[in-house]
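The values are calculated or read from the model by the stated rules, or taken from the named source; none is laboratory data. This one's a predicted model, so the numbers in the text were calculated from it and none came from an experiment. So basically every Cβ, Gly included, is an ideal-geometry build from the backbone, and we count neighbours across all protein chains shown. For accessibility, only protein heavy atoms count, side chains too; no ligands or nucleic acids. Shrake-Rupley method; radii C 1.70, N 1.55, O 1.52, S 1.80 Å.
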Amino acid sequence: MNRMRAQGWLFFGSLVVAFLLQMMPLPQVLLPLKPYWVGLVLIYWAIELPERVGLGFAFLFGLAGDVLTGELLGEQALRLVVLAFIVLRFRARLRFFPMWQQALAVLALLLNDRVVTLMVRGFSGEATPSTAFWIAPLSGMLMWPFVFLLLDDLRLRLRGSE
């Protein structure tokens, strides 16, 4: 299998796994701790392969997420477009941050994602969520080093095997 094809499988496979992790049911107590897996994987690929992850891709990926999760159509699409735009804008800086600074940047991105979610849900007439709504970005920040290192290791192994 050639390298481009293997990287394509890794790219789309990681996105599918992110959707599966996002849809994974958890007990009600642990639900606020679930990180935004789709956002974390999109951040990684926007940093590493910006030619593949553009705003159009983020929008279509978000629409697929809306259909799969049954959320308001366009909510996740808007969230991912905003996330991708910010990452692509500051990609050159993010790539060279040490891991702890990248994790803090991911925290800021995920907090911004929560603000966008709050705005969309507010405009649609939903009630204001509880304070537990703001915990998920912290767990996403803690998971970022593992997501980054796992995907980076898989990508480098594919590159080295050829």
Study note, to complete from the structure: With only helices counted (DSSP H, runs n ≥ 4, each -39500 (n - 2.57)), the per-residue ellipticity at 222 nm for the chain, to the nearest 500, works out to -24000 deg cm²/dmol
Check your understanding: Which one is right for this structure if semi-axes √(5λ) of the Cα gyration tensor in Å is calculated from it: [x] 26, 17, 16; [y] 30, 16, 14; [z] 21, 19, 15?
Key -> [x]
Revision key, fill the gap. Probe 1.4 Å, all chains present, heavy atoms only: LEU138 accessible area in Å², nearest 10, is 90
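Which of the chymotrypsin sites (Phe, Trp or Tyr not before Pro) found in the stretch 91-149 are loop residues per DSSP with 11 or fewer other Cβ atoms within 10 Å of their Cβ?
Numbers: sites: PHE96, TRP100, PHE123, PHE133, TRP134, PHE146, PHE148; in loops: PHE96.
The qualifying sites are PHE96.
To the nearest 20 Debye, how big is the dipole of the chain about its Cα centre, given +1 on the beta carbon of each Lys and Arg and -1 on that of each Asp and Glu?
440
For the chain, what does the relative contact order come out to in percent, with C-alpha contacts under 8 Å and a separation of six or more?
On the way: 155 pairs, mean separation 47.0, N = 162.
Computed over the chain, the figure is 29 percent.
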Study note, to complete from the structure: Taking a probe of 1.4 Å and leaving out DNA, RNA and ligands, the chain shows per residue an accessible area in Å² of 56
Check your understanding: At a 1.4 Å probe radius, carbon and sulfur cover how many percent of the accessible area of the chain?
Key -> 71
Practice item. Kindly report, to the nearest 10 Å², the accessible surface of GLU51 as traced by a 1.4 Å probe over protein heavy atoms only. Key: 140
Check your understanding: Taking the Cα atoms only, what angle lies between the long axis of helix 3-23 and the longest principal axis of the chain, rounded to 10 degrees?
Key -> 20
Exercise for review: Could you let me know the centre-to-centre spacing of the stretch 22-59 and the stretch 71-134, using Cα atoms, in angstrom?
Suggested key: 10
Practice item. With a 1.4 Å probe and every protein chain left in place, tell me how much accessible area SER130 has, in Å² to the nearest 10. Key: 80
